[in-house]
Amino acid sequence: MSSAIASVHGRRIWDSRGRPTVEVEVTLASGAKGRGMAPAGASRGRFEAVDRRDGAAALGGFGVSDALRGIDDEIAAALIGMDALGQTQIDARLIELDGTEDKSRLGGNALVATSLAVLHAAAADRRQPLWAYVANGRTVSVPIPEIQIFGGGAHAGRRIDIQDLMVMAPSAKSFDEALEMTAEIYLAAGRIMAKRGHLAGVADEGGHWPVFESNEAALDTLVAAIEEAGFVPGEQVAISLDIAASEFGSGGRYKLGLERRELDSDAMCELMLRWCDRYPIVSMEDPLSEDDAAGWRRFTAAVGGRVQVIGDDYLVTNAARIAKAAEQRDVNAVLIKLNQAGTVTETHAALEAGKNAGFGTIVSARSGETEDTTIVHLAVGWNAGQLKVGSFSRSERMAKWNEAIRVEEALGDAAQFAGMSMLGRRR
Ligand code: PGA
Ligand code: ZN
(Lines give C-alpha, C1' and ligand atoms only; values in the text may rest on other atoms or scores of the structure.)
(Ligands and ions follow the chains in the order given, each with its own letter.)
Protein backbone atom coordinates (compact mmCIF):
# COMPACT_ATOMS: atom_id res chain seq x y z
CA MET A 1 0.00 0.00 0.00
CA SER A 2 1.73 3.17 -1.18
CA SER A 3 -0.19 5.37 1.25
CA ALA A 4 1.01 3.38 4.28
CA ILE A 5 2.87 5.38 6.90
CA ALA A 6 6.59 4.61 6.70
CA SER A 7 7.96 7.01 9.32
CA VAL A 8 6.85 9.53 11.96
CA HIS A 9 9.34 12.00 13.37
CA GLY A 10 8.91 14.83 15.86
CA ARG A 11 11.14 17.88 16.06
CA ARG A 12 11.25 21.02 18.18
CA ILE A 13 10.45 24.26 16.37
CA TRP A 14 9.60 27.72 17.80
CA ASP A 15 6.29 29.57 17.86
CA SER A 16 5.43 33.24 17.40
CA ARG A 17 6.03 33.97 21.10
CA GLY A 18 9.52 32.44 20.86
CA ARG A 19 8.43 29.36 22.79
CA PRO A 20 9.23 25.79 21.79
CA THR A 21 6.52 23.84 20.01
CA VAL A 22 6.09 20.49 18.27
CA GLU A 23 6.44 19.75 14.57
CA VAL A 24 5.78 16.28 13.20
CA GLU A 25 6.90 14.95 9.83
CA VAL A 26 5.21 11.89 8.37
CA THR A 27 6.55 10.03 5.34
CA LEU A 28 4.52 7.48 3.40
CA ALA A 29 5.68 4.40 1.49
CA SER A 30 5.05 6.37 -1.72
CA GLY A 31 7.57 8.98 -0.57
CA ALA A 32 4.82 11.57 0.01
CA LYS A 33 5.51 13.73 3.06
CA GLY A 34 3.40 15.85 5.36
CA ARG A 35 4.18 18.24 8.19
CA GLY A 36 2.04 19.36 11.12
CA MET A 37 2.80 22.08 13.69
CA ALA A 38 1.14 22.61 17.06
CA PRO A 39 -0.10 26.12 17.91
CA ALA A 40 -0.51 27.27 21.53
CA GLY A 41 -3.15 29.36 23.28
CA ALA A 42 -2.70 31.91 26.07
CA SER A 43 -6.36 32.21 27.08
CA ARG A 44 -7.24 28.55 27.18
CA GLY A 45 -10.57 26.98 28.08
CA ARG A 46 -10.68 24.73 31.12
CA PHE A 47 -11.84 21.73 29.08
CA GLU A 48 -9.49 21.85 26.10
CA ALA A 49 -6.86 19.24 25.25
CA VAL A 50 -3.77 19.67 27.45
CA ASP A 51 -0.28 20.09 25.98
CA ARG A 52 2.63 18.00 27.23
CA ARG A 53 5.35 20.38 28.46
CA ASP A 54 8.58 19.58 30.30
CA GLY A 55 7.72 21.99 33.11
CA ALA A 56 11.29 22.38 34.38
CA ALA A 57 12.96 25.77 34.83
CA ALA A 58 14.43 25.82 31.32
CA LEU A 59 12.47 27.69 28.64
CA GLY A 60 9.89 28.83 31.16
CA GLY A 61 8.68 25.26 31.53
CA PHE A 62 7.47 25.22 27.92
CA GLY A 63 10.01 22.62 26.71
CA VAL A 64 8.66 19.81 24.54
CA SER A 65 11.31 17.06 24.85
CA ASP A 66 8.91 14.64 26.57
CA ALA A 67 6.28 15.28 23.90
CA LEU A 68 8.87 14.62 21.16
CA ARG A 69 10.01 11.39 22.79
CA GLY A 70 6.39 10.17 22.83
CA ILE A 71 6.10 10.89 19.11
CA ASP A 72 9.31 9.13 18.06
CA ASP A 73 8.66 6.10 20.27
CA GLU A 74 5.03 5.28 21.03
CA ILE A 75 3.20 7.23 18.36
CA ALA A 76 5.55 6.17 15.54
CA ALA A 77 5.29 2.50 16.58
CA ALA A 78 1.49 2.69 16.60
CA LEU A 79 1.07 4.47 13.27
CA ILE A 80 3.73 2.91 11.03
CA GLY A 81 2.01 0.65 8.52
CA MET A 82 -1.40 2.33 8.89
CA ASP A 83 -3.08 3.90 5.85
CA ALA A 84 -2.68 7.69 5.87
CA LEU A 85 -5.86 7.99 3.79
CA GLY A 86 -7.84 6.69 6.75
CA GLN A 87 -7.73 9.82 8.92
CA THR A 88 -10.58 8.60 11.14
CA GLN A 89 -8.73 5.38 11.99
CA ILE A 90 -5.46 7.24 12.54
CA ASP A 91 -7.08 9.69 14.96
CA ALA A 92 -8.98 6.92 16.77
CA ARG A 93 -5.65 5.11 17.24
CA LEU A 94 -4.02 8.27 18.64
CA ILE A 95 -6.89 8.82 21.09
CA GLU A 96 -6.80 5.20 22.21
CA LEU A 97 -3.02 5.25 22.59
CA ASP A 98 -3.11 8.40 24.73
CA GLY A 99 -5.90 6.95 26.86
CA THR A 100 -6.77 10.11 28.82
CA GLU A 101 -9.86 12.31 28.64
CA ASP A 102 -7.81 15.51 28.16
CA LYS A 103 -4.96 14.06 26.03
CA SER A 104 -2.45 14.99 28.71
CA ARG A 105 -0.43 11.74 28.60
CA LEU A 106 1.04 12.05 25.10
CA GLY A 107 -0.02 15.70 24.90
CA GLY A 108 -2.53 17.62 22.81
CA ASN A 109 0.48 19.27 21.12
CA ALA A 110 1.95 15.89 20.05
CA LEU A 111 -1.42 14.54 18.93
CA VAL A 112 -2.56 17.55 16.90
CA ALA A 113 0.79 17.90 15.11
CA THR A 114 0.79 14.17 14.26
CA SER A 115 -2.83 14.20 13.11
CA LEU A 116 -2.13 17.20 10.84
CA ALA A 117 1.09 15.69 9.47
CA VAL A 118 -0.83 12.57 8.41
CA LEU A 119 -3.51 14.74 6.76
CA HIS A 120 -0.88 16.66 4.79
CA ALA A 121 0.93 13.46 3.76
CA ALA A 122 -2.35 11.97 2.53
CA ALA A 123 -3.16 15.08 0.46
CA ALA A 124 0.37 15.01 -0.99
CA ASP A 125 -0.08 11.32 -1.83
CA ARG A 126 -3.33 12.16 -3.67
CA ARG A 127 -1.53 15.11 -5.31
CA GLN A 128 -4.30 17.45 -4.16
CA PRO A 129 -4.17 20.81 -2.43
CA LEU A 130 -5.24 20.31 1.19
CA TRP A 131 -8.54 22.19 0.79
CA ALA A 132 -9.54 19.89 -2.09
CA TYR A 133 -8.49 16.74 -0.25
CA VAL A 134 -10.59 17.56 2.83
CA ALA A 135 -13.54 18.76 0.71
CA ASN A 136 -13.59 15.39 -1.05
CA GLY A 137 -15.88 16.74 -3.78
CA ARG A 138 -18.25 18.61 -1.45
CA THR A 139 -19.06 22.34 -1.69
CA VAL A 140 -16.25 24.67 -0.71
CA SER A 141 -16.33 28.37 0.12
CA VAL A 142 -13.88 31.16 0.81
CA PRO A 143 -14.53 32.28 4.40
CA ILE A 144 -15.16 35.82 5.55
CA PRO A 145 -12.20 37.05 7.59
CA GLU A 146 -12.51 38.39 11.12
CA ILE A 147 -9.42 40.58 11.63
CA GLN A 148 -8.03 42.11 14.80
CA ILE A 149 -7.11 45.82 14.94
CA PHE A 150 -6.33 46.13 18.67
CA GLY A 151 -5.10 43.28 20.87
CA GLY A 152 -5.83 43.10 24.59
CA GLY A 153 -6.45 40.78 27.52
CA ALA A 154 -3.98 37.92 27.90
CA HIS A 155 -2.35 38.93 24.60
CA ALA A 156 -1.32 42.36 25.84
CA GLY A 157 -0.36 41.96 29.50
CA ARG A 158 -4.01 42.57 30.49
CA ARG A 159 -3.58 46.23 29.47
CA ILE A 160 -7.32 46.30 28.69
CA ASP A 161 -9.96 43.68 29.51
CA ILE A 162 -11.30 43.00 26.00
CA GLN A 163 -9.02 40.50 24.24
CA ASP A 164 -9.74 41.09 20.54
CA LEU A 165 -11.18 44.19 18.89
CA MET A 166 -11.79 43.07 15.33
CA VAL A 167 -13.46 44.17 12.10
CA MET A 168 -15.54 42.30 9.56
CA ALA A 169 -16.39 43.71 6.14
CA PRO A 170 -19.94 42.71 5.16
CA SER A 171 -19.73 44.88 2.03
CA ALA A 172 -16.63 43.12 0.61
CA LYS A 173 -17.20 41.08 -2.55
CA SER A 174 -14.18 38.85 -2.07
CA PHE A 175 -11.62 37.80 0.51
CA ASP A 176 -9.06 39.91 -1.30
CA GLU A 177 -11.26 43.02 -1.04
CA ALA A 178 -11.98 42.34 2.65
CA LEU A 179 -8.22 42.31 3.28
CA GLU A 180 -7.73 45.57 1.40
CA MET A 181 -10.43 47.26 3.49
CA THR A 182 -8.86 45.88 6.66
CA ALA A 183 -5.42 47.15 5.64
CA GLU A 184 -6.84 50.69 5.38
CA ILE A 185 -8.41 50.40 8.84
CA TYR A 186 -5.29 48.90 10.44
CA LEU A 187 -3.19 51.74 9.02
CA ALA A 188 -5.75 54.37 10.05
CA ALA A 189 -5.82 52.97 13.59
CA GLY A 190 -2.02 53.22 13.67
CA ARG A 191 -2.16 56.86 12.54
CA ILE A 192 -4.70 57.72 15.24
CA MET A 193 -2.59 56.03 17.93
CA ALA A 194 0.58 57.77 16.66
CA LYS A 195 -1.12 61.18 16.74
CA ARG A 196 -2.05 60.64 20.40
CA GLY A 197 1.43 59.40 21.24
CA HIS A 198 -0.10 55.99 21.92
CA LEU A 199 1.60 53.88 19.28
CA ALA A 200 3.46 51.32 21.38
CA GLY A 201 4.07 48.26 19.22
CA VAL A 202 1.84 45.27 18.71
CA ALA A 203 0.25 42.59 20.90
CA ASP A 204 0.62 38.79 20.57
CA GLU A 205 -1.61 38.52 17.51
CA GLY A 206 -0.27 41.62 15.76
CA GLY A 207 -2.98 44.11 16.78
CA HIS A 208 -1.88 47.58 17.93
CA TRP A 209 -0.89 47.57 21.61
CA PRO A 210 -3.95 48.89 23.52
CA VAL A 211 -2.96 52.16 25.18
CA PHE A 212 -6.47 53.15 26.31
CA GLU A 213 -7.90 54.49 29.56
CA SER A 214 -11.08 52.38 29.31
CA ASN A 215 -12.57 49.51 27.29
CA GLU A 216 -15.04 51.99 25.78
CA ALA A 217 -12.18 54.24 24.66
CA ALA A 218 -10.83 51.27 22.68
CA LEU A 219 -14.23 50.78 21.05
CA ASP A 220 -14.56 54.52 20.26
CA THR A 221 -11.10 54.47 18.67
CA LEU A 222 -11.99 51.46 16.55
CA VAL A 223 -15.10 53.27 15.24
CA ALA A 224 -12.93 56.33 14.54
CA ALA A 225 -10.42 54.18 12.62
CA ILE A 226 -13.18 52.67 10.47
CA GLU A 227 -14.42 56.20 9.67
CA GLU A 228 -10.93 57.60 9.04
CA ALA A 229 -10.38 54.76 6.56
CA GLY A 230 -13.44 56.05 4.68
CA PHE A 231 -16.02 53.40 5.63
CA VAL A 232 -19.45 53.67 7.22
CA PRO A 233 -19.37 51.75 10.52
CA GLY A 234 -22.11 49.17 10.73
CA GLU A 235 -22.76 49.27 7.00
CA GLN A 236 -19.51 48.65 5.15
CA VAL A 237 -17.49 47.54 8.15
CA ALA A 238 -18.72 46.13 11.44
CA ILE A 239 -17.11 45.36 14.77
CA SER A 240 -16.51 41.90 16.20
CA LEU A 241 -15.28 41.41 19.78
CA ASP A 242 -13.72 38.51 21.63
CA ILE A 243 -14.24 39.36 25.30
CA ALA A 244 -12.54 36.11 26.46
CA ALA A 245 -14.47 36.61 29.71
CA SER A 246 -13.20 33.39 31.34
CA GLU A 247 -9.88 35.21 31.74
CA PHE A 248 -11.35 37.65 34.28
CA GLY A 249 -14.60 36.00 35.33
CA SER A 250 -15.50 32.91 37.33
CA GLY A 251 -18.10 31.87 39.87
CA GLY A 252 -20.43 34.61 38.63
CA ARG A 253 -17.95 37.44 39.39
CA TYR A 254 -16.20 39.49 36.71
CA LYS A 255 -13.17 41.59 37.64
CA LEU A 256 -12.62 44.40 35.14
CA GLY A 257 -8.98 45.25 35.85
CA LEU A 258 -8.77 48.39 33.76
CA GLU A 259 -11.84 49.98 35.34
CA ARG A 260 -11.12 48.56 38.79
CA ARG A 261 -14.62 47.25 39.36
CA GLU A 262 -16.27 43.91 39.88
CA LEU A 263 -19.56 42.89 38.24
CA ASP A 264 -21.93 40.02 38.94
CA SER A 265 -23.28 37.94 36.05
CA ASP A 266 -26.33 40.16 35.49
CA ALA A 267 -24.30 43.37 35.46
CA MET A 268 -21.72 41.84 33.10
CA CYS A 269 -24.52 40.73 30.78
CA GLU A 270 -26.03 44.25 30.91
CA LEU A 271 -22.66 45.79 30.05
CA MET A 272 -22.20 43.46 27.06
CA LEU A 273 -25.74 44.28 25.87
CA ARG A 274 -25.04 48.01 26.25
CA TRP A 275 -21.96 47.67 24.05
CA CYS A 276 -24.06 45.84 21.43
CA ASP A 277 -26.53 48.76 21.47
CA ARG A 278 -23.95 51.53 21.44
CA TYR A 279 -21.48 50.18 18.89
CA PRO A 280 -21.88 48.60 15.43
CA ILE A 281 -21.18 45.12 16.76
CA VAL A 282 -22.15 42.06 14.69
CA SER A 283 -20.32 39.37 16.62
CA MET A 284 -19.45 38.69 20.29
CA GLU A 285 -17.18 35.83 21.38
CA ASP A 286 -17.07 34.53 24.98
CA PRO A 287 -19.02 37.52 26.42
CA LEU A 288 -19.51 35.47 29.62
CA SER A 289 -17.21 33.04 31.41
CA GLU A 290 -17.08 29.31 30.70
CA ASP A 291 -18.90 28.49 33.99
CA ASP A 292 -21.78 30.98 33.56
CA ALA A 293 -24.32 29.00 31.49
CA ALA A 294 -27.24 31.10 32.78
CA GLY A 295 -25.46 34.29 31.70
CA TRP A 296 -24.86 32.88 28.21
CA ARG A 297 -28.52 31.92 27.84
CA ARG A 298 -29.67 35.35 28.96
CA PHE A 299 -27.27 37.15 26.62
CA THR A 300 -28.13 35.02 23.57
CA ALA A 301 -31.87 35.34 24.22
CA ALA A 302 -31.46 39.13 24.26
CA VAL A 303 -29.25 39.72 21.19
CA GLY A 304 -29.00 36.36 19.39
CA GLY A 305 -31.45 37.62 16.76
CA ARG A 306 -29.07 40.34 15.56
CA VAL A 307 -25.61 39.51 16.91
CA GLN A 308 -23.49 36.42 16.36
CA VAL A 309 -22.77 34.91 19.79
CA ILE A 310 -19.69 32.66 19.62
CA GLY A 311 -18.62 30.06 22.14
CA ASP A 312 -14.84 29.55 22.27
CA ASP A 313 -13.58 28.66 25.77
CA TYR A 314 -17.20 27.81 26.54
CA LEU A 315 -17.40 25.03 23.91
CA VAL A 316 -13.70 24.11 23.38
CA THR A 317 -14.29 22.60 19.91
CA ASN A 318 -16.14 19.69 21.49
CA ALA A 319 -19.05 18.14 19.55
CA ALA A 320 -20.92 17.05 22.69
CA ARG A 321 -20.65 20.46 24.35
CA ILE A 322 -21.77 22.11 21.09
CA ALA A 323 -24.84 19.86 20.83
CA LYS A 324 -25.75 20.64 24.44
CA ALA A 325 -25.34 24.39 23.88
CA ALA A 326 -27.63 24.10 20.86
CA GLU A 327 -30.30 22.42 22.95
CA GLN A 328 -30.05 25.10 25.62
CA ARG A 329 -29.77 27.96 23.11
CA ASP A 330 -26.64 29.24 24.83
CA VAL A 331 -24.93 30.47 21.63
CA ASN A 332 -25.60 30.77 17.90
CA ALA A 333 -22.04 30.25 16.66
CA VAL A 334 -18.95 28.23 17.50
CA LEU A 335 -15.21 28.82 17.27
CA ILE A 336 -13.25 25.87 15.92
CA LYS A 337 -9.63 25.37 17.07
CA LEU A 338 -7.70 22.22 16.14
CA ASN A 339 -5.64 22.02 19.29
CA GLN A 340 -8.62 22.46 21.61
CA ALA A 341 -9.94 19.17 20.20
CA GLY A 342 -6.55 17.52 19.61
CA THR A 343 -7.15 15.68 16.33
CA VAL A 344 -8.41 16.49 12.83
CA THR A 345 -11.34 14.07 13.14
CA GLU A 346 -12.62 15.52 16.42
CA THR A 347 -12.22 19.06 15.07
CA HIS A 348 -14.27 18.20 12.01
CA ALA A 349 -16.93 16.53 14.16
CA ALA A 350 -17.20 19.71 16.24
CA LEU A 351 -17.60 21.80 13.09
CA GLU A 352 -20.31 19.48 11.80
CA ALA A 353 -22.09 19.60 15.17
CA GLY A 354 -22.09 23.38 14.84
CA LYS A 355 -23.49 23.27 11.31
CA ASN A 356 -26.17 20.76 12.34
CA ALA A 357 -27.26 23.18 15.04
CA GLY A 358 -27.52 25.96 12.46
CA PHE A 359 -24.61 27.80 14.08
CA GLY A 360 -22.17 30.13 12.39
CA THR A 361 -18.77 28.37 12.28
CA ILE A 362 -15.44 30.14 12.61
CA VAL A 363 -12.14 28.32 12.11
CA SER A 364 -9.55 29.99 14.34
CA ALA A 365 -5.81 30.20 14.95
CA ARG A 366 -4.26 30.51 18.45
CA SER A 367 -2.33 33.44 19.89
CA GLY A 368 0.83 31.32 19.72
CA GLU A 369 1.21 30.38 16.05
CA THR A 370 3.70 29.30 13.42
CA GLU A 371 4.03 29.84 9.67
CA ASP A 372 1.61 26.94 9.23
CA THR A 373 -1.37 27.77 6.99
CA THR A 374 -3.39 24.56 7.37
CA ILE A 375 -6.41 26.24 8.98
CA VAL A 376 -7.00 28.30 5.83
CA HIS A 377 -7.37 25.10 3.81
CA LEU A 378 -9.63 23.54 6.43
CA ALA A 379 -11.89 26.62 6.56
CA VAL A 380 -12.28 26.49 2.76
CA GLY A 381 -12.51 22.71 2.34
CA TRP A 382 -14.84 22.24 5.30
CA ASN A 383 -16.98 25.15 4.13
CA ALA A 384 -16.71 26.87 7.49
CA GLY A 385 -17.93 30.35 6.63
CA GLN A 386 -15.52 32.42 8.71
CA LEU A 387 -11.81 32.57 9.52
CA LYS A 388 -10.08 34.22 12.49
CA VAL A 389 -6.28 34.37 12.60
CA GLY A 390 -5.47 37.55 14.51
CA SER A 391 -4.38 40.90 13.17
CA PHE A 392 -2.87 42.43 10.04
CA SER A 393 0.83 42.28 10.95
CA ARG A 394 3.40 39.64 12.03
CA SER A 395 4.13 36.97 9.47
CA GLU A 396 2.54 34.05 11.36
CA ARG A 397 -0.73 35.96 10.73
CA MET A 398 0.03 37.32 7.24
CA ALA A 399 1.11 33.85 6.03
CA LYS A 400 -2.47 32.73 6.59
CA TRP A 401 -4.17 35.74 5.00
CA ASN A 402 -1.81 35.44 2.04
CA GLU A 403 -2.52 31.72 1.67
CA ALA A 404 -6.25 32.50 1.53
CA ILE A 405 -5.57 34.90 -1.36
CA ARG A 406 -3.83 32.05 -3.23
CA VAL A 407 -6.66 29.62 -2.55
CA GLU A 408 -9.28 32.17 -3.62
CA GLU A 409 -7.35 32.70 -6.86
CA ALA A 410 -6.92 28.96 -7.46
CA LEU A 411 -10.64 28.41 -7.03
CA GLY A 412 -11.35 31.04 -9.72
CA ASP A 413 -15.01 31.08 -10.68
CA ALA A 414 -15.71 28.31 -8.20
CA ALA A 415 -14.63 30.66 -5.41
CA GLN A 416 -17.78 31.40 -3.52
CA PHE A 417 -17.05 34.10 -0.98
CA ALA A 418 -19.11 33.18 2.04
CA GLY A 419 -19.94 36.81 2.84
CA MET A 420 -22.09 37.81 5.78
CA SER A 421 -24.81 35.33 4.89
CA MET A 422 -22.56 32.84 6.64
CA LEU A 423 -23.00 34.51 9.99
CA GLY A 424 -25.40 31.70 10.77
CA ARG A 425 -29.06 31.29 11.36
CA ARG A 426 -30.30 33.54 14.11
CA ARG A 427 -31.94 32.28 17.22
P1 PGA B 1 -5.65 31.98 22.70
O2 PGA B 1 -6.88 32.93 22.41
O3 PGA B 1 -5.19 31.37 21.44
O4 PGA B 1 -4.64 32.86 23.37
O5 PGA B 1 -6.16 30.94 23.69
C6 PGA B 1 -7.49 33.10 21.17
C7 PGA B 1 -8.98 33.29 21.35
O8 PGA B 1 -9.44 33.45 22.51
O9 PGA B 1 -9.74 33.25 20.40
ZN1 ZN C 1 -11.62 33.46 22.03
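The values are calculated or read from the model by the stated rules, or taken from the named source; none is laboratory data. Quick caveat, the model's predicted, so the values are computed rather than measured. Every residue, glycine among them, receives a Cβ derived from its backbone with ideal geometry; neighbour counts consider all protein chains shown.
In the stretch 222-237, what residues are surrounded by fewer than 22 Cβ atoms within 10 Å (Cβ to Cβ) and either in contact (Cβ under 8 Å) with a residue 12 or more places away in the chain or not assigned by TED's automatic domain parsing to the domain that holds Lys173 (or both)?
Listed by number, the residues that qualify are Val223, Ala224, Glu228, Ala229, Gly230, Phe231, Pro233, Gly234, Glu235, Gln236.
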Checked the stretch 326-340 for anything among the aliphatic types (A, V, I, L, M) and within 15 Å of ligand 2 (Cβ to nearest atom); matches are Val331, Ala333, Val334, Leu335, Ile336, Leu338
Going by the conditions given, is Val376 more than 25 Å from Ala189 (Cβ to Cβ), out of contact with any His (no Cβ under 6 Å at 6 or more places or on another chain) and part of a helix (DSSP H, G or I)? no
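How about the stretch 316-347: which of its residues are of a type outside the set (Val, Ile, Thr) and without any contact (Cβ under 8 Å) to a residue 40 or more places away in the chain?
Of everything in the stretch 316-347, those that are of a type outside the set (Val, Ile, Thr) and without any contact (Cβ under 8 Å) to a residue 40 or more places away in the chain turn out to be Ala319, Ala320, Ala323, Lys324, Ala325, Ala326, Glu327, Gln328, Asp330.
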Would the stretch 247-261 turn up any residue that is assigned by TED's automatic domain parsing to the domain that holds Ala217, over 25 Å from Pro210 (Cα atoms) and in a loop (DSSP other than H, G, I, E, B)? yes
Of Ile144, Ile80, Ile75, Ile71, the only residue that is aliphatic (A, V, I, L, M), surrounded by fewer than 16 Cβ atoms within 10 Å (Cβ to Cβ) and out of contact with any Leu (no Cβ under 6 Å at 6 or more places or on another chain) is Ile80
Of the candidates Glu403, Glu409, the one satisfying the condition of being touching a His at 6+ places or on another chain (Cβ under 8 Å) and at pLDDT 95 or above is Glu403
Picking from Ile160, Ile144, the residue that is of a type in the set (A, V, I, L, M, F, W, C), within 16 Å of ligand 2 (Cβ to nearest atom) and in contact (Cβ under 8 Å) with a residue 60 or more places away in the chain would be Ile160
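Out of Ala42, Ala49, report the one residue that is surrounded by fewer than 17 Cβ atoms within 10 Å (Cβ to Cβ), modelled with pLDDT of 95 or more and either within 12 Å of ligand 1 (Cβ to nearest atom) or more than 14 Å from Gly10 (Cα to Cα) (or both).
None of the others qualify; the one that does is Ala42.
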Looking across the stretch 153-172 at residues that are within 13 Å of ligand 1 (Cβ to nearest atom) and of a type in the set (A, V, I, L, M, F, W, C), the single one that is nearest to Asp220 (Cα to Cα) is Leu165
Go through the residues of the stretch 267-280 one by one and say whether even a single one is more than 22 Å from Ala333 (Cα to Cα) and assigned to a strand (DSSP E or B). no
Thr114: passes all of (1) under 27 Å from Arg397 (Cα atoms); (2) surrounded by fewer than 24 Cβ atoms within 10 Å (Cβ to Cβ); (3) not assigned by TED's automatic domain parsing to the domain that holds Val376 but (2)
By residue number, the members of the stretch 271-313 that are of a type in the set (D, E, K, R) and away from ligand 2 (no atom under 12 Å from the Cβ) are Arg274, Asp277, Arg278, Asp291, Asp292, Arg297, Arg298, Arg306
Regarding the stretch 109-126, can at least one residue be identified that is under 23 Å from Asn339 (Cβ atoms) and assigned to a loop (DSSP other than H, G, I, E, B)? no
By residue number, the members of the stretch 293-328 that are more than 16 Å from ligand 1 (Cβ to nearest atom) and either acidic (Asp, Glu) or in a loop (DSSP other than H, G, I, E, B) (or both) are Gly304, Gly305, Arg306, Val307, Glu327
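Test of understanding: among Ala172, Ala188, Ala183, which residue is more than 16 Å from ligand 2 (Cβ to nearest atom), part of a loop (DSSP other than H, G, I, E, B) and either crowded, with 23+ Cβ neighbours inside 10 Å or hydrophobic (A, V, I, L, M, F, W, C) (or both)?
Step by step, each of Ala172, Ala188, Ala183 is checked, and only Ala172 is more than 16 Å from ligand 2 (Cβ to nearest atom), part of a loop (DSSP other than H, G, I, E, B) and either crowded, with 23+ Cβ neighbours inside 10 Å or hydrophobic (A, V, I, L, M, F, W, C) (or both).
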The one condition Leu315 fails out of (1) among the aliphatic types (A, V, I, L, M); (2) closer than 22 Å to Ala218 by Cα; (3) in contact with a strand residue (DSSP E or B) (Cβ under 9 Å, 6 or more places away or on another chain) is (2)
Can Ser393 be described as over 22 Å from Ala323 (Cβ atoms), more than 16 Å from ligand 2 (Cβ to nearest atom) and in contact with a Gly (Cβ under 7 Å, 6 or more places away or on another chain)?
yes
